[in-house]
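Student: Below are the C-alpha coordinates for one structure; questions will follow.
The values are calculated or read from the model by the stated rules, or taken from the named source; none is laboratory data. What you see is a predicted model; the values in this text were computed from it and never measured. Backbone-built Cβ (ideal geometry, glycine too); neighbour counts: all protein chains shown.
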Amino acid sequence: MTKKPIRQKKKSHPYQNLPLDIAIGVAGILLLSFIYSLSQNTVHTGVPIEVTFPKLNNPKRLAKEIYDVNPIKNIKVEVLNGCGIKGIAAKTSDFLRSKHRIDVVRSDNADKYDYSNTIIIGRNENLDKILSVTKAFNIAINNKSYIKHEPDETLGVDVTIILGKDINSFSHISEYLSQSSR
(Lines give C-alpha, C1' and ligand atoms only; values in the text may rest on other atoms or scores of the structure.)
Protein backbone atom coordinates (compact mmCIF):
# COMPACT_ATOMS: atom_id res chain seq x y z
CA MET A 1 0.00 0.00 0.00
CA THR A 2 1.08 3.32 -0.87
CA LYS A 3 0.67 6.19 1.36
CA LYS A 4 -1.20 9.15 0.09
CA PRO A 5 0.60 12.34 0.33
CA ILE A 6 -0.88 14.62 2.94
CA ARG A 7 -1.97 17.90 1.56
CA GLN A 8 -1.08 20.85 3.52
CA LYS A 9 -3.48 23.66 3.76
CA LYS A 10 -2.18 26.77 2.20
CA LYS A 11 -1.88 29.61 4.54
CA SER A 12 -4.32 32.30 3.60
CA HIS A 13 -3.46 35.88 3.77
CA PRO A 14 -4.80 37.45 6.98
CA TYR A 15 -6.51 40.31 5.10
CA GLN A 16 -8.11 38.20 2.39
CA ASN A 17 -11.67 38.41 3.90
CA LEU A 18 -11.31 42.03 5.01
CA PRO A 19 -13.81 43.54 2.48
CA LEU A 20 -16.46 41.00 3.48
CA ASP A 21 -15.82 41.65 7.17
CA ILE A 22 -16.16 45.40 6.62
CA ALA A 23 -19.45 44.96 4.70
CA ILE A 24 -20.89 42.78 7.48
CA GLY A 25 -19.79 45.33 10.08
CA VAL A 26 -21.43 48.24 8.18
CA ALA A 27 -24.65 46.24 7.70
CA GLY A 28 -24.68 45.45 11.42
CA ILE A 29 -24.24 49.12 12.32
CA LEU A 30 -27.07 50.11 9.93
CA LEU A 31 -29.32 47.43 11.41
CA LEU A 32 -28.64 48.60 14.96
CA SER A 33 -29.28 52.24 14.01
CA PHE A 34 -32.56 51.26 12.33
CA ILE A 35 -33.69 49.35 15.42
CA TYR A 36 -32.73 52.31 17.65
CA SER A 37 -34.58 54.77 15.40
CA LEU A 38 -37.67 52.56 15.34
CA SER A 39 -37.68 52.25 19.11
CA GLN A 40 -37.39 56.03 19.49
CA ASN A 41 -40.33 56.64 17.11
CA THR A 42 -42.61 54.26 18.98
CA VAL A 43 -41.75 55.81 22.32
CA HIS A 44 -41.94 59.41 21.11
CA THR A 45 -45.20 61.00 22.23
CA GLY A 46 -45.18 63.87 19.74
CA VAL A 47 -47.14 67.09 19.87
CA PRO A 48 -50.75 66.61 20.96
CA ILE A 49 -53.28 67.76 18.38
CA GLU A 50 -56.77 68.66 19.45
CA VAL A 51 -59.49 68.11 16.89
CA THR A 52 -62.90 69.67 17.33
CA PHE A 53 -65.81 69.00 15.05
CA PRO A 54 -68.42 71.69 14.41
CA LYS A 55 -71.81 71.11 15.93
CA LEU A 56 -74.53 70.83 13.33
CA ASN A 57 -77.82 72.55 14.00
CA ASN A 58 -79.58 70.42 11.40
CA PRO A 59 -77.77 67.08 11.20
CA LYS A 60 -78.01 65.28 7.88
CA ARG A 61 -80.13 62.18 7.87
CA LEU A 62 -79.18 58.88 6.34
CA ALA A 63 -80.85 57.82 3.10
CA LYS A 64 -82.56 54.97 4.97
CA GLU A 65 -84.14 57.42 7.41
CA ILE A 66 -85.42 59.59 4.56
CA TYR A 67 -86.79 56.55 2.78
CA ASP A 68 -88.51 55.30 5.95
CA VAL A 69 -90.29 58.63 6.36
CA ASN A 70 -91.24 58.99 2.70
CA PRO A 71 -90.60 55.79 0.69
CA ILE A 72 -90.34 55.74 -3.08
CA LYS A 73 -93.24 53.86 -4.54
CA ASN A 74 -92.41 50.77 -6.54
CA ILE A 75 -93.71 52.24 -9.80
CA LYS A 76 -91.51 52.46 -12.89
CA VAL A 77 -92.63 55.33 -15.10
CA GLU A 78 -91.46 56.80 -18.38
CA VAL A 79 -92.28 60.41 -19.20
CA LEU A 80 -92.36 61.42 -22.87
CA ASN A 81 -92.52 64.95 -24.26
CA GLY A 82 -95.38 65.01 -26.74
CA CYS A 83 -96.02 68.77 -26.69
CA GLY A 84 -92.69 70.16 -27.90
CA ILE A 85 -91.93 72.35 -24.88
CA LYS A 86 -88.19 72.08 -24.31
CA GLY A 87 -87.27 70.25 -21.08
CA ILE A 88 -90.86 69.58 -20.02
CA ALA A 89 -90.34 65.80 -19.66
CA ALA A 90 -87.33 66.28 -17.37
CA LYS A 91 -89.14 68.87 -15.23
CA THR A 92 -92.25 66.70 -14.95
CA SER A 93 -90.00 63.78 -13.97
CA ASP A 94 -88.55 65.91 -11.18
CA PHE A 95 -92.09 66.79 -10.06
CA LEU A 96 -93.11 63.13 -9.89
CA ARG A 97 -89.94 62.14 -8.05
CA SER A 98 -89.89 64.93 -5.49
CA LYS A 99 -93.59 65.48 -4.81
CA HIS A 100 -95.05 62.00 -5.30
CA ARG A 101 -92.04 59.69 -4.76
CA ILE A 102 -92.60 57.97 -8.11
CA ASP A 103 -89.58 56.34 -9.74
CA VAL A 104 -89.17 57.84 -13.20
CA VAL A 105 -86.79 55.55 -15.05
CA ARG A 106 -86.86 57.29 -18.43
CA SER A 107 -87.49 60.82 -19.64
CA ASP A 108 -87.42 61.39 -23.39
CA ASN A 109 -89.22 62.78 -26.43
CA ALA A 110 -92.36 61.13 -27.76
CA ASP A 111 -92.73 59.95 -31.36
CA LYS A 112 -94.31 63.31 -32.27
CA TYR A 113 -94.96 66.74 -30.72
CA ASP A 114 -98.62 67.26 -31.61
CA TYR A 115 -100.40 65.48 -28.76
CA SER A 116 -103.24 67.77 -27.71
CA ASN A 117 -104.02 65.87 -24.47
CA THR A 118 -101.74 64.31 -21.90
CA ILE A 119 -102.09 60.53 -21.97
CA ILE A 120 -101.36 58.14 -19.11
CA ILE A 121 -100.95 54.58 -20.37
CA GLY A 122 -100.98 51.54 -18.09
CA ARG A 123 -98.43 49.00 -19.32
CA ASN A 124 -99.37 46.04 -17.09
CA GLU A 125 -102.31 44.65 -15.16
CA ASN A 126 -101.48 46.39 -11.86
CA LEU A 127 -104.07 49.15 -11.54
CA ASP A 128 -102.66 50.46 -8.25
CA LYS A 129 -99.62 51.82 -10.10
CA ILE A 130 -101.63 53.72 -12.69
CA LEU A 131 -103.88 54.97 -9.89
CA SER A 132 -100.87 56.51 -8.10
CA VAL A 133 -99.83 58.30 -11.27
CA THR A 134 -103.33 59.60 -11.99
CA LYS A 135 -103.46 60.99 -8.44
CA ALA A 136 -100.23 62.88 -9.13
CA PHE A 137 -101.93 64.50 -12.13
CA ASN A 138 -105.22 64.90 -10.25
CA ILE A 139 -107.11 62.93 -12.90
CA ALA A 140 -109.98 60.54 -12.16
CA ILE A 141 -109.14 56.92 -12.94
CA ASN A 142 -112.27 56.52 -15.11
CA ASN A 143 -111.46 59.51 -17.36
CA LYS A 144 -111.02 57.74 -20.72
CA SER A 145 -109.72 60.87 -22.49
CA TYR A 146 -106.56 60.78 -20.35
CA ILE A 147 -106.26 57.16 -19.20
CA LYS A 148 -105.51 54.24 -21.52
CA HIS A 149 -104.62 50.63 -20.88
CA GLU A 150 -102.21 49.16 -23.43
CA PRO A 151 -100.17 46.39 -21.80
CA ASP A 152 -96.61 46.03 -23.10
CA GLU A 153 -94.23 44.22 -20.75
CA THR A 154 -91.30 44.65 -23.18
CA LEU A 155 -90.98 48.35 -22.29
CA GLY A 156 -89.88 47.56 -18.74
CA VAL A 157 -92.13 50.24 -17.23
CA ASP A 158 -95.46 50.16 -15.42
CA VAL A 159 -96.81 53.45 -16.75
CA THR A 160 -96.06 55.67 -19.75
CA ILE A 161 -96.95 59.35 -19.59
CA ILE A 162 -97.09 61.30 -22.84
CA LEU A 163 -97.25 65.02 -22.07
CA GLY A 164 -99.64 66.90 -24.34
CA LYS A 165 -100.20 70.57 -25.09
CA ASP A 166 -102.61 70.70 -22.13
CA ILE A 167 -99.80 70.17 -19.58
CA ASN A 168 -100.23 73.70 -18.20
CA SER A 169 -103.90 72.98 -17.40
CA PHE A 170 -102.74 70.78 -14.50
CA SER A 171 -102.43 73.54 -11.91
CA HIS A 172 -100.11 71.81 -9.39
CA ILE A 173 -97.76 70.68 -12.17
CA SER A 174 -97.65 74.10 -13.87
CA GLU A 175 -97.06 75.71 -10.46
CA TYR A 176 -94.13 73.36 -9.84
CA LEU A 177 -92.77 74.00 -13.34
CA SER A 178 -92.92 77.76 -12.85
CA GLN A 179 -91.13 77.49 -9.50
CA SER A 180 -88.41 75.24 -10.90
CA SER A 181 -87.67 77.58 -13.81
CA ARG A 182 -86.83 80.48 -11.46
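Residue-by-condition table, conditions (1) among the charged types (D, E, K, R); (2) at pLDDT below 85; (3) within 18 Å of residue 80 (Cα to Cα); (4) in contact with a helix residue (DSSP H, G or I) (Cβ under 6 Å, 6 or more places away or on another chain):
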{"position": "119", "(1), (2), (3), (4)": "no, no, yes, no"}
{"position": "123", "(1), (2), (3), (4)": "yes, no, yes, yes"}
{"position": "142", "(1), (2), (3), (4)": "no, no, no, no"}
{"position": "150", "(1), (2), (3), (4)": "yes, no, yes, no"}
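Student: Give me a count of the residues in region 94-113 that are buried (at least 20 other Cβ atoms within 10 Å of the Cβ) and assigned to a helix (DSSP H, G or I).
Tutor: Taking region 94-113 first, the residues buried (at least 20 other Cβ atoms within 10 Å of the Cβ) are 95-96, 102, 104, 107, 110.
Restricting the remaining residues to those that are assigned to a helix (DSSP H, G or I) gives 95-96.
The number of residues fulfilling the criteria is 2.
Student: Suppose we filter region 146-167 for residues that are surrounded by 17 or more Cβ atoms within 10 Å (Cβ to Cβ) and out of contact with any strand residue (DSSP E or B) (no Cβ under 8 Å at 6 or more places or on another chain); how many remain?
Tutor: 1
Student: Please find, within region 158-172, the residue that is farthest from residue 105 (Cα to Cα) out of those that are touching a residue at least 12 places away in the same chain (Cβ under 8 Å) and in contact with a Leu (Cβ under 9 Å, 6 or more places away or on another chain).
Tutor: Among those that are touching a residue at least 12 places away in the same chain (Cβ under 8 Å) and in contact with a Leu (Cβ under 9 Å, 6 or more places away or on another chain), it is 167.
Student: Mind checking which residues of region 114-145 are outside any loop (DSSP other than H, G, I, E, B) and crowded, with 16+ Cβ neighbours inside 10 Å? Walk me through how you get there before you give the answer.
Tutor: Initial filter on region 114-145 (outside any loop (DSSP other than H, G, I, E, B)): 119-122, 127-137.
Answer for region 114-145, where residues must be outside any loop (DSSP other than H, G, I, E, B) and crowded, with 16+ Cβ neighbours inside 10 Å: 119, 120, 121, 122, 129, 130, 132, 133, 134, 136, 137.
Student: Identify, from the list 133, 159, the residue that is modelled with pLDDT of 90 or more and under 32 Å from the mean Cα position of the chain (by Cα).
Tutor: Numbers: 133 fails: modelled with pLDDT of 90 or more.
That would be 159, the only listed residue that is modelled with pLDDT of 90 or more and under 32 Å from the mean Cα position of the chain (by Cα).
Student: Please pick out the residue among 130, 102, 119, 75 that is aliphatic (A, V, I, L, M) and under 13 Å from residue 163 (Cα atoms). Quick ask: steps written out before the conclusion?
Tutor: Numbers: 130 fails: under 13 Å from residue 163 (Cα atoms); 102 fails: under 13 Å from residue 163 (Cα atoms); 75 fails: under 13 Å from residue 163 (Cα atoms).
Only one candidate qualifies: 119.
Student: Tell me which of these residue 155 doesn't satisfy, since it passes every other one: (1) without any contact (Cβ under 8 Å) to a residue 40 or more places away in the chain; (2) farther than 17 Å from residue 92 by Cβ.
Tutor: In the conditions (1) without any contact (Cβ under 8 Å) to a residue 40 or more places away in the chain; (2) farther than 17 Å from residue 92 by Cβ, residue 155 misses (1) alone.
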